[in-house]
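Participant: Below you'll find the structure I mean.
The values are calculated or read from the model by the stated rules, or taken from the named source; none is laboratory data. Bear in mind that the values here come from a model prediction, so they are computed numbers and not experimental data. Note: ideal-geometry Cβ built from the backbone for every residue, glycine included; neighbour counts use all protein chains shown. Please note that ligands, DNA and RNA were not included when accessible areas were found on the heavy atoms of the full protein model with its side chains. Shrake-Rupley method; radii C 1.70, N 1.55, O 1.52, S 1.80 Å.
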Amino acid sequence: MAIVVEVFSSPGCAKCVKAKDEVLRFIRENGRGAVELREVNVLDEMDRALDLGVMATPAIAIDGDLVFRTLPREKALRAELSARLERKREP
């Protein structure tokens, strides 16, 4: 079962593009079936963003939990994604 990563973004947000690119790089390295990326435009899905407590972009939720409220360092993002994948793979 894949982990679901939601990248909350807004139009014209350069840091949002970077956040998405970092997740895509992780997906390429770990297999497409392991991680599912969902891009969430906060203007189109404001209710979803508010439900999770997103106050600024970029923000990243993993499996429905708001984990990063700002653009994380690549190392922190990778560590969190790897840990979540490991937990999903445990019996």
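Participant: From the list VAL42, VAL17, VAL5, VAL35, pick out the single residue that is on the phi < 0 side of the Ramachandran plot and modelled with pLDDT under 95. Write out each step before concluding.
Facilitator: On the way: VAL42 fails: modelled with pLDDT under 95; VAL17 fails: modelled with pLDDT under 95; VAL5 fails: modelled with pLDDT under 95.
After ruling out the rest, the residue left standing is VAL35.
Participant: Looking only at segment 24-54, count every residue that is outside any loop (DSSP other than H, G, I, E, B) and either open to solvent by less than 50 Å² (accessible area, probe 1.4 Å) or polar (S, T, N, Q) (or both) and tell me the total. So that I can check it myself, show each step before the final result.
Facilitator: First, the residues of segment 24-54 that are outside any loop (DSSP other than H, G, I, E, B): 24-30, 35-41, 46-52.
Remaining after also requiring either open to solvent by less than 50 Å² (accessible area, probe 1.4 Å) or polar (S, T, N, Q) (or both): 26-27, 30, 35, 37, 40-41, 49, 52.
Within segment 24-54, residues that are outside any loop (DSSP other than H, G, I, E, B) and either open to solvent by less than 50 Å² (accessible area, probe 1.4 Å) or polar (S, T, N, Q) (or both) number 9.
Participant: Only one residue in THR57, THR70 is among the polar types (S, T, N, Q) and open to solvent by less than 80 Å² (accessible area, probe 1.4 Å), so which one is that?
Facilitator: Details: THR70 fails: open to solvent by less than 80 Å² (accessible area, probe 1.4 Å).
Being among the polar types (S, T, N, Q) and open to solvent by less than 80 Å² (accessible area, probe 1.4 Å) holds for just one of THR57, THR70, which is THR57.
Participant: Return the pair list, or none, for Cβ contacts closer than 6 Å from residues in segment 8-26 that are free of Cβ contacts under 8 Å to residues at least 40 places away in the same chain to residues that are hydrophobic (A, V, I, L, M, F, W, C), at least 6 apart or on different chains.
Facilitator: Hits for this filter: LYS20/VAL7.
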